[in-house]
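One structure is given here, and the rest of the page talks about it.
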2 protein chains.
Amino acid sequence: MRRALQEAQIAFDKDEIPVGALVVQDNKIIGRGHNQTELLHDVTAHAEIIALTAAFNHLGAKYLPDATLYVTLEPCHMCAGALYWSKIGRIVYGASDEKHGYRKFYGNQSPFHPKTVVESGLLATAGAELMKSFFQRKRTAK
Amino acid sequence: MRRALQEAQIAFDKDEIPVGALVVQDNKIIGRGHNQTELLHDVTAHAEIIALTAAFNHLGAKYLPDATLYVTLEPCHMCAGALYWSKIGRIVYGASDEKHGYRKFYGNQSPFHPKTVVESGLLATAGAELMKSFFQRKRTAK
């Protein structure tokens, strides 16, 4: 998750909402991504989607049952859908996202594949602090 | 929607699940896509995502409030999330998807932006028939 936070910091430094993600399999990083929605003018360019696509490319496979996604913030409902399709083995996210997190949309229903294990809270404070600093900077700049 | 069905036919001919999508603004196609999950080994390469990304690139903008997405099949929960973020003005989908359509996941809650208008059923039979033919072919090939 520290490496995912480094990805989030890259986004922060590029004036993007600071979210970072990694896909790890057999202790090896097979995909990484940071949010690039501003640079690409593309709201689908979330950290998770970029990291997943990198992992698919790396493996030449479209399912990731043996991989773990680490992401600094609770995934949104789009990314939750992408993770569902990927059949990823494990998802570890840091900070909760009350406003746009997937739990707001899906309620008690899991949007993920039945075999996917979900954990949360890892280095959550660091991920949340980065988000807070980003939006504080945005407000100050106005 | 006829043009979206042509996109779906392209997917069919490439042995991809036959779904096609177009983004239209001011009577002009600004994005098109067909499902490419097999070719790209990427489960995020749905017709809608590809068409949206093309539209963002075309406009150099990350929101599409004045555009309409036409898609031959009810979007899944990932694509519904992408459409939410895009703030697209209107979504028109053809056939319903009982198994993977967004309504299965979100229940009565809309996953879209509050201003997005959603219509369904346009050329639904044609879109559904294409899907049926595809899976029949798959079964016969086994």
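Rule-based calculations on the coordinates, nothing more; no lab input. Bear in mind that the values here come from a model prediction, so they are computed numbers and not experimental data. Every residue, glycine as well, gets a Cβ built from its backbone with ideal geometry; the counts of neighbours run over all protein chains shown.
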Could you list B:Thr44, B:Thr37 in order of exposure, starting from the residue whose Cβ has the fewest other Cβ atoms within 10 Å?
B:Thr37, B:Thr44
Restricting attention to the range A:96-132, which trypsin sites (Lys or Arg not before Pro) occupy a DSSP loop and are surrounded by at most 13 other Cβ atoms within 10 Å?
A:Lys99, A:Lys115
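I'd like the mean, over residues of A:52-65, of how many other protein chain beta carbons sit within 10 Å of each residue's own Cβ.
3
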Estimated FRET transfer efficiency when R0 is 30 angstrom, pair B:Asp26-A:Asp26 (beta carbons, to 0.05):
0.05
Using a 7 Å offset from Cα along the direction of the beta-carbon, what are the separations from B:Glu129 to the same position in each other copy, nm, ascending?
6.2
If I model a spin label as a point 7 Å beyond the Cα along the Cα-Cβ vector, how far apart are those points for B:Thr68 and B:Gln6 in nm?
1.7
For the protein assembly as shown, projected area of the alpha-carbon convex hull averaged over all directions, nm²
14.9
Which distances, shortest first and in nm, link B:Lys115 to the matching position in the other copies, using label points set 7 Å out along Cα to C-beta?
4.3
Among the GluC sites (Glu not before Pro) in the range B:32-102, which ones are in a DSSP loop with at most 15 other Cβ atoms within 10 Å of the Cβ? Mind listing them?
B:Glu98
So what's the gap between the Cα centers of the range A:30-82 and the range A:86-142, to the nearest angstrom?
13
Once you average over the residues of B:84-96, how many Cβ atoms of partner chains fall within 10 Å of each Cβ?
2
Okay, which of the range B:16-34 sit inside 15 Å, backbone N to the point 7 Å along the Cα-Cβ direction of B:Lys104?
none
Label spacing, shortest first and in nm, from A:Lys142 to its equivalents in the remaining copies (7 angstrom along Cα→Cβ):
5.6
